[in-house]
């Protein structure tokens, strides 16, 4: 029997009291059209065959489930496994969703795609699939994020995308989403918005989750095979909007003995404006199409956010995460900038793997809890992206001499 949690969202796009469609009237028709097309695609064997073929031969699935033997030995305690989404084409989990949505765009006859991006990985993934399918591509990216993720900006441009710097507000991800939505309102007939995370108006939170669920489905099969039928005690993933986390969590929702832990960006401190931990300073509100936890003041004004990782530097969290927290099915914690940087260096030096700074937040929490867990238990970490894009920024933060 499917539980209440596993059957979410409802027909109106709500996960309990979270989610919904809070958009201008001009966007209601394209959102309903998208929802209808996705429902048709889900029932179409040809769609699934094409999607699975691309995920295998173009994206590089399945990704390995890697036993981090060195880190496990050094920490003591639980056996640590890493789901290696960093090994995918383009370097992160974002390509799973981008491939799915470009196929929907093709079904709807849309030859122009737009996207927002923070860390740049979703922008690169969108530019990649647009190039493959011959679509015009425009990526909106905050000016601050463009500077700290300049490598990904160059990648998007080489792939043929137009990268539009956003100079309003904090010049980060929230403002990039605003600009992408303005573009979509203006160009509805020709354009599909490939939203990158499990956020926004219905049907995006559920649709992005479904495209990312491949992470968890693979990981669950792999761990059962590697550990003779034993499931993880904990599954840990970083949470910005929440697509990589919901992708791996969903496959384990029915396994009540497996805990689910989302790790937000604790930034410099939990003082207002110094972090992006919506569950440790936010409140229920509506932002950019959905109702969820939002970092806002008593007047409903969106507060400034901060994270060393551009992909987690966002004022709201996906509505399904808010629902999972409220029901008690998942726990949400945070890791600070310093903890994420320390985890970045430690995984690199112990395992020879450079994680994205976003993923480093999940690794940081695993480092905290693994020593207290019995050696018989398994700790599964979703390594959602690779850290190549972050090397220069991380080196500057730790004062590394790149010329010495």
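The values are calculated or read from the model by the stated rules, or taken from the named source; none is laboratory data. Bear in mind that the values here come from a model prediction, so they are computed numbers and not experimental data. Virtual Cβ from ideal backbone geometry, glycine too; neighbours counted across all protein chains shown.
Restricted to the range 171-196, and to residues there that are assigned to a strand (DSSP E or B) and more than 14 Å from residue 117 (Cβ to Cβ), the residue that is farthest from the chain's Cα centre (by Cα) is 191. Name the single residue, out of those in the range 278-292 being under 20 Å from the mean Cα position of the chain (by Cα) and part of a strand (DSSP E or B), that is nearest to residue 173 (Cα to Cα). Here the answer is 287.
Within the set 242, 229, 262, the sole residue that is in contact with a helix residue (DSSP H, G or I) (Cβ under 8 Å, 6 or more places away or on another chain) and on the phi > 0 side of the Ramachandran plot turns out to be 242. Among the residues of the range 92-105, none qualifies, meaning not one is surrounded by fewer than 24 Cβ atoms within 10 Å (Cβ to Cβ), part of a loop (DSSP other than H, G, I, E, B), out of contact with any strand residue (DSSP E or B) (no Cβ under 9 Å at 6 or more places or on another chain) and modelled with pLDDT of 95 or more. In the range 330-347, is there at least one residue being under 23 Å from residue 212 (Cα atoms), modelled with pLDDT of 95 or more and surrounded by fewer than 22 Cβ atoms within 10 Å (Cβ to Cβ)? Yes, because at least one residue in the range 330-347 is under 23 Å from residue 212 (Cα atoms), modelled with pLDDT of 95 or more and surrounded by fewer than 22 Cβ atoms within 10 Å (Cβ to Cβ).
Scanning the range 43-63 for any residue that is at pLDDT 95 or above, in contact with a strand residue (DSSP E or B) (Cβ under 6 Å, 6 or more places away or on another chain) and outside any helix (DSSP H, G or I) turns up at least one such residue.
Matching residues to (1) assigned to a helix (DSSP H, G or I); (2) touching a residue at least 12 places away in the same chain (Cβ under 8 Å):
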position	(1), (2)
198	no, yes
208	yes, yes
213	yes, yes
223	yes, yes
228	no, no
240	no, yes
246	yes, yes
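Tallying residues that are under 19 Å from residue 314 (Cα atoms) and out of contact with any helix residue (DSSP H, G or I) (no Cβ under 9 Å at 6 or more places or on another chain) within the range 176-201 yields 5. Counting the residues of the range 224-251 that are in contact with a strand residue (DSSP E or B) (Cβ under 8 Å, 6 or more places away or on another chain) and surrounded by fewer than 24 Cβ atoms within 10 Å (Cβ to Cβ) gives 6.
Note on the range 7-33: residues that are in contact with a helix residue (DSSP H, G or I) (Cβ under 8 Å, 6 or more places away or on another chain), modelled with pLDDT under 95 and in a loop (DSSP other than H, G, I, E, B) total 2. Here residue 36 meets each of (1) part of a helix (DSSP H, G or I); (2) in contact (Cβ under 8 Å) with a residue 24 or more places away in the chain with one exception, condition (2).
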